[in-house]
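Single-structure report; data block below.
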Amino acid sequence: MRIILLGAPGAGKGTAAVKIAAKYGAAHISTGDLLRKNIKEGTELGKKAKEFVDNGHLVPDELVIALVKDSVGKIESFLFDGFPRTTEQAKAVDTFTAIDKVINLQIDEALLMSRITGRRICKDCAAVYHVDLLNGKDKCSLCGGKLCQRADDNEATVKSRLDVYKKQTAPLIDYYKQQNKLIDIDAGREAAAVFADVEKILG
Ligand code: AP5
């Protein structure tokens, strides 16, 4: 299985990806998670990426493409979450692997701000939650780690990320339509309904 999850910030790519990886045994390759890990660990890549991520701008293509190629290595079955995000990145993917399907999580922009500003992630294992469903809990139910807000989940940065998505990533919808790989899903529904549609697509 070689899948791409496409969608605006907050559409639910990470949430669906965790479930797909668990059910189908595919490696979950999230460029956002990889970049945040590098930033946290203070690696050379992390130092170069930090300012872009903090401001909601895209990290330069060559850095992200090298990061993904390195992560894929010899892995046969994977899903990309948050990659590719530019036409350059999509063209690079075509040079090193053959994608089976691209699942496009469609969502009304009005829903995105509350999803993102209400997101909490585990500091230790990066599991994703939403304040509306936490009932006041502040610890990760998987590892007990402290829940916190992502540095780029404030309103101003989200606006910039949405702008970047429209200009630089949305054109990939047509790119993959032309390759007959694109399948749309209504991601504005509850997570279980979204995943039921994913299962229908993946079998
Ligand atoms: P990244 O981490 O990829 O962020 P993003 O694309 O903005 O996506 P999000 O993680 O915000 O949202 P998501 O769709 O995964 O939603 P989630 O499932 O968490 O990238 C961050 C930054 O890194 C970028 O801005 C850029 O700087 C850099 N970067 C990353 N990739 C790059 C690349 N390829 N090239 C260059 N730069 C790159 O859900 C959101 C919230 O909603 C959660 O609280 C969740 O619990 C809730 N939720 C999810 N689904 C549902 C549902 N169905 N109903 C109700 N609530 C839901």
Express as a percent, rounded to the nearest 5, the fraction of DSSP beta bridges in the chain (both residues included) that run antiparallel. 25 percent
Relative contact order computed over region 1-108 (Cα-Cα under 8 Å; 6+ residues apart), in percent: 51 percent
Given N residues in region 95-161, what is its alpha carbon radius of gyration divided by 2.2 N^0.38 Å? 1.39
Over region 51-135, what lengths in whole Å, largest first, do the semi-axes of the equivalent ellipsoid take, defined as the square roots of 5 times the eigenvalues of the alpha-carbon gyration tensor? 27, 16, 15
5 Å binning of all Cα-Cα separations within region 79-202, expressed as whole percents from 0 upward: 2, 9, 15, 18, 19, 18, 12, 5, 1, 0
How large is ³J(HN,Hα) for each residue in region 140-147, as worked out from phi by the Karplus curve 6.51 cos²θ - 1.76 cosθ + 1.60 (θ = phi - 60°), to whole Hz, x for Gly and Pro? 5, 6, 8, 10, x, x, 6, 8
Pop out the ³J(HN,Hα) list for region 112-119 in order, Karplus 6.51 cos²θ - 1.76 cosθ + 1.60 with θ = phi - 60°, rounded to Hz; leave Gly and Pro as x. 6, 4, 6, 4, 7, 5, x, 6
Spelling it out for residue 120: with amide H atoms placed in the peptide plane at 1.01 Å from N, the residues 5 or more places away or on another chain with amide H under 5 Å from its amide H are 129, 130, 131
Would you work out the Kirkwood radius for region 1-146? I mean one over the mean of 1/r across all pairs of different Cα atoms, in Å. 16.3 Å
Could you rank 123, 101 by how accessible they are, 1.4 Å probe, largest area first? 123, 101
If the cut-off is a Cα-Cα distance under 20 Å, which lysines reach residue 48, setting aside same-chain residues fewer than 8 apart in sequence? 37, 40, 69
Here region 167-176 yields Karplus 3J(HN,Hα) values (6.51, -1.76, 1.60; θ = phi - 60°; whole Hz; Gly and Pro given as x) of 6, 9, 9, 3, x, 5, 4, 5, 4, 7
Mean-position separation - Cα centroids, region 23-78 and region 134-197, in angstrom: 16 Å
Tell me which aspartates and glutamates have Cα within less than 16 Å of residue 166's Cα, excluding those fewer than 8 residues away on the same chain? 88, 108, 109, 174
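The values are calculated or read from the model by the stated rules, or taken from the named source; none is laboratory data. Please read these numbers as outputs of a predicted model, since none were measured by experiment. These area figures cover heavy atoms from the full protein model, side chains too; ligands, DNA and RNA do not enter into them. Shrake-Rupley method; radii C 1.70, N 1.55, O 1.52, S 1.80 Å.
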